[in-house]
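Please treat every number below as a calculation from the coordinates, not as lab data. Remember, it's a predicted structure, so these values are computed and weren't measured experimentally. Backbone-built Cβ (ideal geometry, glycine too); neighbour counts: all protein chains shown.
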Amino acid sequence: MAGRPHEELYALRDCLRSINNGLDSYEPDSQHLPIIDSSGEATGEGMVQTREVLPGLRFLREEVKRDLQVLEKFLDDPESASLPPLSTNAPYLIAVWQELLQARGAVAIYRMFYLAAQPQTSRSKSKNASTVKGSGVKVDVVADNGRHWIRVNTIKNSRILMEFREMDSYLTSSDEDDNDGDSLQKGESLILQEFDISVLRMGRELLAAAVANPLHGSKEIPLVTIRLTRLDPSVCNTDHGNGDPRIAYTIDCLRRMGIDVQLGDRQGMTKEAIDTPALPIAFAPTTDINLDLSALIALISDITHSDLPRDPEQANARFIPPQRYVEWKKQRIHSLSDSTNGASTWEDSGTHSRALADQAQQEMKKGLLQDMHDRLRSVSPTLQDIQFWTTHEARQRCLQIVSKIGGMRERRRADALLSSSTCSQAATILTYSQYWAYSRYPANFIPLMPIRLFPSTKPDDTSLQSFQRNPPSSFLTSLASTCQSILSQEDISKLHESQSLPGHSATPYRSNDEGDIPPAAITAANPKLTAHTVQSMLWGAVVGWTTLTTNRSSVKALIKEMKRFTGGGALTYEPLGGDESRASIWIVNPRSLAEGMRSDGSGD
């Protein structure tokens, strides 16, 4: 029984349908950022995407849908059986999809890499003036976290032979009239003369682009692979009638350039492999936890420790700002307005009350300490191996803030939690009851104390000698280099010259003479990042520990800066072994100092 007309097009249509379905569920493991987001309810602008959209994936999806629609329209036409086969880009799209599925650590599709501008040489006959602009080179799949470039080429046997014939037609040689040599000898003579076709030009361009774009600014040059999907190795045998020794020579030239040449389609690609989505990656915190300023505030907050409201109505009624707070806030805003030519305005204190009520309702769903307890038990069942760390600057600013606007219980909690950083072991034990007093949790529910201090503002070779550091992932390496680049624009010594390091006086956290909390230094790189936040992130990245923060906007800003500094290639996940992978950052919902805003008599 004769087959259907255009059977090959039907097969291509079926492949594109499978790819179209697979693209809807495709989630490359490399794109999962090593971030735990415990917020759960965050949406909109406040949400940190822990899964990066693969650059170029949308364009591939659009191309597949467009070609599929064209194929379906053609094959559905009753007249198509008598028409010549439709020209389609489907073989190329299928090959790109197959490479993407097999790629380890894919970070981009259809990415353009550019060459530096080169001076025009005597051989260049460009119509442009004195210089040739850097040209772009397309890479179909960027894999292995940027270390591997894959380019698909669907040139057919017939097309490459046409290029050979075209090249032959330009040759002028006195040997053309000789009848002594056969075609094979002529082909061999061409090998020794000028030999240049599109595939070789593609290879040279890819190699030049790889040299011009080393991995993340290092000296590592990406490996270049060219997959020639429709070149049959057997055509190198002239016994088949359509062979030419220059095909084998072309492949050999590419390989001698240093290019990895793959022939034919990927094998073993099944529909199940296409349609099966990637399993989610489970990230777990490290046993050493780095706390930034926002996390310290959350651990001290009355919202974290006090009895939970019965319902949302009670949560809303709990926080009505007392008159003394309103007066203080108005005076502070007024003084700031005078110093900034009226740039600051007073906002209704009810806004702050609603924010606190929202935080209390978040605590009702799952408490901060309960979430920490459960996650930390997954890496240390008895919690005996858990240790907490913070920077001197985070500790000092936390104590300053709490001493100014914290309630009585919050001030006691801060003193117990952070004074233990510099106390003896015996004194630390006495602070346990002080921290857990007035808390709905049992004493030492989490072994927070003593919170240890990093020895310096920024990590250096000397300060790192005493640390047991975890092997860095590409994400942490990128995060550390980004933080260092941001801080290199700041004069950190001036940031701290008026603030002695904490731990050297009995009350290092008192406000300045005017009674105000010293403003945090904003970084020059990004106004959403403060110097102390970047310092905390830098320490966590360098030692390879999870940094706990409630500062979602700072995490988003840092990811943006990482993309800018590294081109995005380092924002990838590299498995480091074990059933669960280490989280670099752990985001929780904020908990503000709230005891002074209580309206039910529980505040001081």
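Stretched out fully, how many nm does the piece from residue 65 to residue 102 gain, at 0.36 nm a residue minus the Cα gap?
Gain in length upon complete extension: 11.2 nm.
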*Rank-order 97-107, 521-531 by packing density, defined as the average count of other C-beta atoms within 10 Å over each peptide's residues, highest first.*
97-107, 521-531
*Taking H as built 1.01 Å from N, whose amide H comes closer than 5 Å to the amide H of residue 27, not counting residues under 5 places away?*
278
*Can you pick out the pairs among 329/556; 528/563; 219/563 whose Cα atoms lie more than 25 Å from each other?*
329/556
*Starting from the amide H of residue 223, placed 1.01 Å from N in the peptide plane, find each other amide H under 5 Å away whose residue is 5 or more places distant or on another chain.*
148, 149
*Determine, for each peptide in 13-19, 541-547, the mean count of other beta carbons within 10 angstrom over its residues, then list the peptides with the highest first.*
541-547, 13-19
_Residue-wise HN-Hα coupling along the stretch 407-418, computed from phi with Karplus coefficients 6.51, -1.76, 1.60 (Hz; x: Gly, Pro)_ = x, 4, 5, 5, 5, 5, 5, 5, 5, 5, 6, 9
